[in-house]
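> Handing you a structure now.
Laboratory data are not the source of any read-out in this text; all were calculated from the coordinates shown. Predicted model only: the values in this text are computed from it and were never measured. Here the Cβ positions follow ideal geometry from the backbone for every residue, glycine too, while neighbour counts run over all protein chains shown.
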Amino acid sequence: MNTPAAKTPRTPPTSRWSDHAVEQLVGRLLQTGVLAAAAIVLVGGVLLLVRHGSAPVSYSVFHGEPELLRSIGAIVRGALAMDPQAVVQLGLLLLIATPVARVALTLVAFILQHDRTYVLITSVVLALLLYGLIFDKT
Amino acid sequence: MTTLTLALLVAGGSFGAGLLGALTGLGGGIVVVPMLTLLFHVDLRYAIGASLVSVIATSSGAAAAFVREGFTNVRVGILLEVATTVGALVGAALSGVIPTSALAVLFGCVLLFTAYRSIGRREEHAVLTTPDRWSARLRLDSTYPTAQGMLAYSVQRVPAGFSLMFVAGILSALLGIGSGIIKVLAMDQMMRLPFKVSTTTSNFMIGVTAAASAGVYLHRGYIDPTLSFPVMLGVLAGALLGARLLSVANTTLLRQLFTGVVVVMALEMLYKGFTGGL
């Protein structure tokens, strides 16, 4: 177990879905997700400052965001219409979705490795995340 | 204050938080909420929303590198994420009913604990290879890269670590932080993972934990784009620069400085919590 080659005992190192290959893929997914999200947020932020930069703003009292910036459908529609706030929100939504996509990718890897225990465990995590992201409307 | 002034000041402060957070290994998320509420008088809920988003950005950015280097124990991470995501959803549900003053007091306590942990002597414990029942059943034991090549380690006390992760998830959602300190405590001290494996696996889990409650908070209207964009971009830029400077910076001095900032913020949060000024 102490040699580098013994890192992934259950799947051969040449397999497309070895632990090592999955780690590389997960790393790339996370990096791409964060960079894409940051780019969209930056574009939206610049637009926002250009259009509303001189408007007064205060966050000392909580009002809650309007419906337009709360539901996934409304955010996507607003961003397509180039509403600056909706563009930022789309970037933030992509950022929140990045770890969720990472869990989904891990699930696929465990399915292809025929690792039943971890397919079950990962499914539970994914279900909880999707519940928070999509269904919770409290 | 105009939108532009606020964005520039918040971006600057967040950049500093991300930079110091990366250089000290404590993460910037822990100081973002106190900064926004104490300095910029932002409502706690908006501050938590903005902070959680920045936590996802930095942890996912850093995790990308660590996962590729082979330190992260993906199985341990996924297993414990069950506990942190359940905790995060419970925390998100609780945050609607817990009064702001109580949250401020809790935040102050977590900040003090962070300061305590950061000045404490960190002793590298021996890596254990004695098999554990849970660890064997869930095949958590793994290897990690060291100067002497790949070294095998065994994972201990899985149920205890799992329980503490539930608490880490609740705190993450309630306070808008990554709870990295508690995650590392669970893995390093309880489950006896090598320190570098604990920190990278903690970082790997932080994004998922924060995403669980951030999704709920987005629907609830806590995440404001005008406030969140300078926080997210500032913290991310600071953290990226911090990771680059890690090899040349005097981290001992920075750690003392950052710990000082954390203690001041802790006292301020406790004061505001007890006097109801938040």
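> Just rank A:ASP115, B:ASP188, fewest to most, by other beta-carbon atoms within 10 angstrom. Present the calculation step by step, with values, prior to reporting the outcome.
Working: A:ASP115 17, B:ASP188 22.
Fewest to most other Cβ atoms nearby, the residues stand as A:ASP115, B:ASP188.
> Give the order of B:SER228, A:SER54, B:SER54 when sorted by the count of other beta carbons within 10 angstrom, beginning with the fewest. Don't jump to the answer; show the numbers that get you there.
Values: B:SER228 26, A:SER54 10, B:SER54 31.
Ranked by crowding around the Cβ, least crowded first: A:SER54, B:SER228, B:SER54.
> A follow-up question, please. Just to compare against my own numbers: the Cα pair-distance distribution for the stretch B:130-255, 10 Å bins, whole % per bin, please.
With 10 Å bins starting at 0, P(r) equals 11, 31, 32, 20, 5, 0.
> Still on this structure: How tilted is helix B:195-220 with respect to the longest principal axis of chain B? Cα atoms for both, answer in degrees (0 to 90, nearest 10).
Roughly 40 degrees between the two axes.
> Once phi is turned into θ = phi - 60°, what whole-Hz ³J(HN,Hα) does the Karplus curve with 6.51, -1.76 and 1.60 give for every residue of the stretch B:110-117, x standing for Gly and Pro?
5, 4, 4, 5, 4, 4, 4, 5
> Compute the long axis of helix B:3-24 from its Cα atoms, compare it with the longest principal axis of the Cα atoms of chain B, and write down the angle in degrees, 0 to 90, nearest 10.
Taking Cα atoms only, the helix is inclined about 20 degrees.
> Another question about this same structure. With the cut-off at 18 Å, report for chain A the share of all Cα pairs above it, as a whole percent. Let's see the in-between values first.
Working: 6385 of 9453 pairs.
Distances greater than 18 Å cover 68 percent of the Cα pairs.
> Alpha carbon centre of the stretch A:19-61 versus the stretch B:168-187: separation in Å?
Using only Cα atoms, the two centres lie 23 Å from each other.
> If you don't mind, another one. Round to the nearest 10 and give me the degree value, 0 to 90, for the angle of helix B:251-275's Cα axis relative to the longest principal axis of chain B.
Result, in degrees: 50.
> Let me ask another. Express the Stokes-Einstein translational diffusion coefficient of the stretch B:60-184 in µm² s⁻¹, to the nearest whole number, given a Kirkwood radius over alpha-carbon pairs, 20 °C and a viscosity of 1.002 mPa s.
Values: Rh = 16.5 Å.
Rounded, D is 130 µm²/s.
> So what is the diffusion coefficient of the stretch B:3-275 in µm² per second by Stokes-Einstein at 20 °C and 1.002 mPa s, using a Kirkwood Rh over Cα pairs? Intermediate values should be presented prior to the final figure.
Numbers: Rh = 18.6 Å.
Stokes-Einstein gives a translational diffusion coefficient of 115 µm²/s.
> Below 8 Å, C-alpha to C-alpha, sequence gap of six or more: please give me the relative contact order for the stretch B:3-275 in percent. List each step's numbers first, then the result.
On the way: 464 pairs, mean separation 111.6, N = 273.
Computed value for the stretch B:3-275: 41 percent relative contact order.
> Largest first and in whole Å, what are the equivalent-ellipsoid semi-axes of the protein assembly as shown based on the Cα gyration tensor, each being the root of 5 times an eigenvalue?
On the way: eigenvalues 231, 114, 76 Å².
Ellipsoid half-lengths, sorted descending, are 34, 24, 20 Å.
> Indicate the helices, whole DSSP H runs only, in chain A that combine a mean Kyte-Doolittle hydropathy of 0.0 or more with a Cα extent along their long axis of 27 angstrom or more.
On the way: long enough: A:19-52 (48 Å, 1.22); A:84-112 (41 Å, 1.92).
Span-like helices, by this rule, are A:19-52, A:84-112.
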